[in-house]
Amino acid sequence: MADVIWLNTLPDNFNYNSFSEGQQSGLVRTNMDAGPAKVRRRFTAAVETYAGSMTMDSTQKSAFKVFYQTTTKMGSLTIEFPNPVSIGTIDVRFVGTPTYKALENSYWTVSFSIEEIS
C-alpha cells in the first residue's frame, strides 16, 4: 500500500514522445574460466521501471517540488500513481532526482524515473 497519493493538480500522464518502459534484469551471470557463462534467475519478479517527462506550468512545478521534497521525503516513500500503460493505479517510488527544464511562457519540462513496487 502506498504511503502517499499523486497530486490531482499535477498531470497524470508522461509526455508521449519522452516515455520509456523497462524491466530490471532478474538474472545473475557468472563468468567461468572456460566455456560459456552460467546464468540463473535471481528472483521471480523483476521490477518494472518507467521514465519520461511531464509539461507543467510554474504553479504545478512548484507543487511537484514540494511533493517530491517534503511529501515523499525526497522520493523515499511509495506513491499511488496513475498507471502509465493501462487503467488504474500502481505503487511506485522515485528513482533518482527529478530534473527541470524551462520552456516558453512559464512552462517547464519535469523529467523523472519511477519503479513499480509490487
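Some observations on this one:
- Proximal lysines relative to Lys73, as straight alpha-carbon distance under 28 Å, when same-chain residues fewer than 8 apart are discounted: Lys61, Lys65, Lys101
- Where a label projected 7 Å from the Cα of Lys101 along Cα→Cβ would reach, residues of segment 36-77 with amide N under 13 Å: 52-56
- For the chain: relative contact order, % (alpha-carbon pairs under 8 angstrom, 6 or more apart): 30 percent
- Exposure rule at most 13 other beta-carbon atoms within 10 Å, DSSP loop trypsin sites (Lys or Arg not before Pro): the chain longest free segment: 74-118
- Think of it as helices only: each DSSP H run of n ≥ 4 in the chain is worth -39500 (n - 2.57), and spread over all residues that comes to -2000 deg cm²/dmol at 222 nm.
- Residue of Pro98, Pro36, Pro11 that the Gaussian network model of the chain assigns the largest fluctuation, springs spanning Cα pairs under 10 Å: Pro36
- Between the labelled values (i) 7.6; (ii) 8.0; (iii) 9.6, the entry that holds mean projected area of the Cα convex hull in nm² as derived from this structure is (iii).
Readers should treat all values here as calculations from the given coordinates under stated rules, not as data from a laboratory. Remember, predicted model here, so these are calculated numbers, not experimental data. When we count neighbours, we look across all protein chains shown, and the Cβ atoms used for this are built from the backbone with ideal geometry, even at glycine.
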